[in-house]
Amino acid sequence: MCTCALAPPGAGQGREPPLTVHHLNQLLLVCSLVLLVAVAAVRISSRSGLPSLLVYLGIGILIGQDGIGHVHFNNAAMTQVIGYAALVVILAEGGLGTKWKEVRPVLGSASVLATAGVAISVGITAAGAHYLVGLEWRQALIIGAVVSSTDAAAVFSVLRKIPLPARVTGTLEAESGFNDAPVVILVVAFTTAGDIEHWYVLLGHIALELAIGTTVGLAVGWAGAWGLKRVALPASGLYPIAVMAIALTAYAAGALGHGSGFLAVYLASMVLGNAKLPHWPATRGFAEGLGWIAQIGMFVLLGLLVTPHDLGDDILPALIIGLVLTVVARPLSVVLSLAPFRVPWPEQALMSWAGLRGAVPIILATIPMVNGVTGSRHIFNIVFVLVVVYTLVQGPTLPWLARALRLGKEGEAADLGIESAPLERLRGHLLSITIPEGSRMHGVEVNELRLPPGAAVTLVVREEESFVPLPTTVLRRGDELLVVTTDPVRDAAERRLRAVAQGGKLAGWLGLDGPGSGRRH
């Protein structure tokens, strides 16, 4: 049973008393303080280059039984359930932020890396755990499977701060979103050894779950996007709620259909994220907020579950297994998986080092604990130490390695953020645009935007003052524009605006417009 310093009197002595308003007040105070500390800690992690997960794990350890809070928590089953729920939210947020134009060219390589690459990594890591550390094969295979999943939260939080080539970022983000599904299946299979007798049965089981998850995710995502584009909700705040509800529906439908719910939620979210839905910036902000709450809660809970004074005997095995994983298993899985795709060596080197681990392996390490596998606490401690140590090493060194390999792109302009509010009765759209730093729309006159007929810039907000622009008004970075467009040319107007943001007034000559983006010029 889980006992906690905040538990009401009599907790742990038979039947639990009901939660009162007083206990709720205490709980809310502690949770809000933890959230505020975690939010402030993001500033530290962003400056140091450390993934925020380490800070949140530290908060959990600090308030745990060996820390100043002396909170006793040992409920692995509850941790697994909450961890799964948090992972669903994190995958949804990651999918919503994944750009299809970056993922499409690398979809094949990311899929191979998330399946065949995982198998290679599991085999090599398990062999190292068995022959170098002396673990029995079942424990070695469980650890190999657990640590072979790159963590979506860690990858997303680090990579989006590093200006890398789109192919590298797309491959790593897609891999981290895809590989949770096969890894979960492998961990469950190795934990319940005996249920699957032959390796080809296991492969067939994995393939079936992935196929079901893919089908459900794409179907739910497409249906949700189709509906949201055609139904005008009475309040803009309902759109983010609807999007997250659709993403969670994909997970639940996939899991209940005996498929991979994790793959389903990621694919459904990716479809929604690329569907140009109304009030999209607000939806992204809402999803990011939920993602942060999920990360904070999950990592703090995992920090509470670990017992630091029990980790001493597991430090050396964790370092050895982590060295095998980082130096041998991950690079070989990348090289062999990407061999058919002719990926340049510098990019392969960066992908080998960027296989960040995070909360996902620690959550998966609770599965053998819940199922009573022999040595499961030993497995959990090894995974915990491995994740902390090697994330501490890999995270801060990624920017340095990217620069050393000449893969960083300093000074790249941020993508143009466009929010669309549907005007149903007028059969039009109101686009709200902010010109970011580095955008080549800076210095362009309004008439040089060359928007298609039916679209016009109606208002400019500059330094908190608004005015109706003239055709010769020069746009500046930081300007906020309101563009009114009729429904038939809405997509063409957005394509033209994004093209000018990337290529300036010569976007058409540079071939950035795409078909039907504006007037001929």
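Checking region 234-249 against the condition returns a match, with at least one residue being aliphatic (A, V, I, L, M), part of a helix (DSSP H, G or I), in contact (Cβ under 8 Å) with a residue 12 or more places away in the chain and under 26 Å from Val370 (Cα atoms). Just checking, does region 118-133 include any residue being closer than 22 Å to Val220 by Cβ and in contact with a Ser or Thr (Cβ under 7 Å, 6 or more places away or on another chain)? Scanning region 118-133 turns up no residue that is closer than 22 Å to Val220 by Cβ and in contact with a Ser or Thr (Cβ under 7 Å, 6 or more places away or on another chain).
Name the one entry in Val158, Val231, Val201 that is within 21 Å of the chain's Cα centre (by Cα), of a type outside the set (D, E, K, R) and modelled with pLDDT under 90. Steps first, please.
Values: Val231 fails: within 21 Å of the chain's Cα centre (by Cα); Val201 fails: within 21 Å of the chain's Cα centre (by Cα).
Every option except Val158 fails the conditions.
Each row is one residue, and each column tells you yes or no for (1) surrounded by 15 or more Cβ atoms within 10 Å (Cβ to Cβ); (2) at positive phi; (3) modelled with pLDDT of 85 or more.
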| site | (1), (2), (3) |
| --- | --- |
| Leu392 | no, no, no |
| Trp400 | no, no, no |
| Leu405 | yes, no, yes |
| Ala413 | yes, no, no |
| Pro422 | yes, no, no |
| Thr434 | yes, no, yes |
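Is it fair to say Ala349 is closer than 17 Å to Ala127 by Cα, modelled with pLDDT of 90 or more and buried (at least 16 other Cβ atoms within 10 Å of the Cβ)? Here the answer is no, as Ala349 does not meet what is asked.
Could you check region 261-369 for helices (runs of 4 or more DSSP H) lying wholly inside it with 3 or more residues that are touching a Ser or Thr at 6+ places or on another chain (Cβ under 9 Å)?
Details: elements: 261-273, 280-305, 315-323, 330-338, 345-353, 359-364.
Per the criteria, 261-273, 280-305, 330-338, 345-353, 359-364.
Out of curiosity, is Leu54 modelled with pLDDT under 80, of a type in the set (A, V, I, L, M, F, W, C), touching a Pro at 6+ places or on another chain (Cβ under 8 Å) and surrounded by 15 or more Cβ atoms within 10 Å (Cβ to Cβ)?
For Leu54, the condition - modelled with pLDDT under 80, of a type in the set (A, V, I, L, M, F, W, C), touching a Pro at 6+ places or on another chain (Cβ under 8 Å) and surrounded by 15 or more Cβ atoms within 10 Å (Cβ to Cβ) - is not met.
The values are calculated or read from the model by the stated rules, or taken from the named source; none is laboratory data. Predicted model, so just to flag it, every value in this text is computed and none were measured. Cβ sites come from the backbone with ideal geometry, for glycine too, and all protein chains shown count toward neighbours.
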